Amino acid sequence: QVQLVESGGGSVQAGGSLTLSCAGSGISIGGMGWSRQAPGTQRELVAAITRGGRTNYGDSVKGRFTISRDNAKNTVFLQMNSLKAEDTAVYYCNADLLLYPYTRYWGQGTQVTVSS
């Protein structure tokens, strides 16, 4: 059974920081990442990281957010600094199956609220 357990969401004032964590189990994991969705908008990529550590960021978070992972623990982290009100959203972690068909699994989501 595949499980992705997210933690670390919450409320913070603008300019503050939060760290999200997501621990995966039940599959051999390749790429991992974070996406977010605010009310009335489409889900958008926040950051992604390959098993080898190569990263990719959405334009709106570059320079403020850092993604990292611990392969031994199947865990991905998202360090969020200089948070803005527009970062308010539900954040979802994803883990991709290491081998074909590279199925993507999603966590249940964690709320991040940034007050200005």
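Looking only at residues in region 80-107 that are over 19 Å from ARG69 (Cβ atoms) and not small (Gly, Ala, Ser), the one that is most open to solvent (accessible area, probe 1.4 Å) is TYR100.
Figure legend. Inter-residue proximity from region 98-112: first residues on the phi < 0 side of the Ramachandran plot, second residues acidic (Asp, Glu) and open to solvent by less than 90 Å² (accessible area, probe 1.4 Å), beta-carbon distance below 6 Å, spacing 6+ or different chains. Indicated pairs: ARG104/ASP96; GLY107/GLU6; THR110/GLU6. Contact annotation: residue pairs with Cβ atoms under 7 Å, 6 or more positions apart or on different chains, pairing a residue in region 37-60 that is polar (S, T, N, Q) with a partner that is open to solvent by 80 Å² or more (accessible area, probe 1.4 Å) and part of a loop (DSSP other than H, G, I, E, B), are GLN37/ARG43.
Among the listed residues GLY33, GLY40, GLY52, identify the single one that is of a type in the set (Gly, Ala, Ser) and under 19 Å from GLN3 (Cα atoms).
Details: GLY40 fails: under 19 Å from GLN3 (Cα atoms); GLY52 fails: under 19 Å from GLN3 (Cα atoms).
One residue alone meets the criteria, GLY33.
In this structure, does SER21 turn out to be closer than 13 Å to GLN111 by Cβ and within 15 Å of the chain's Cα centre (by Cα)? Judged against the criteria, SER21 is not a match.
For region 58-116, which fully contained strands (runs of 3 or more DSSP E) count at least 3 residues that are more than 13 Å from the chain's Cα centre (by Cα)?
Those strands (runs of 3 or more DSSP E) span 110-115.
The values are calculated or read from the model by the stated rules, or taken from the named source; none is laboratory data. Note that this is a predicted model, so its numbers are computed, not measured. Note that each Cβ is placed from the backbone with ideal geometry, even for glycine, and that neighbours are counted across all protein chains shown. Ligands, DNA and RNA are excluded from the accessible area calculation, which covers all protein heavy atoms including side chains. Shrake-Rupley method; radii C 1.70, N 1.55, O 1.52, S 1.80 Å.
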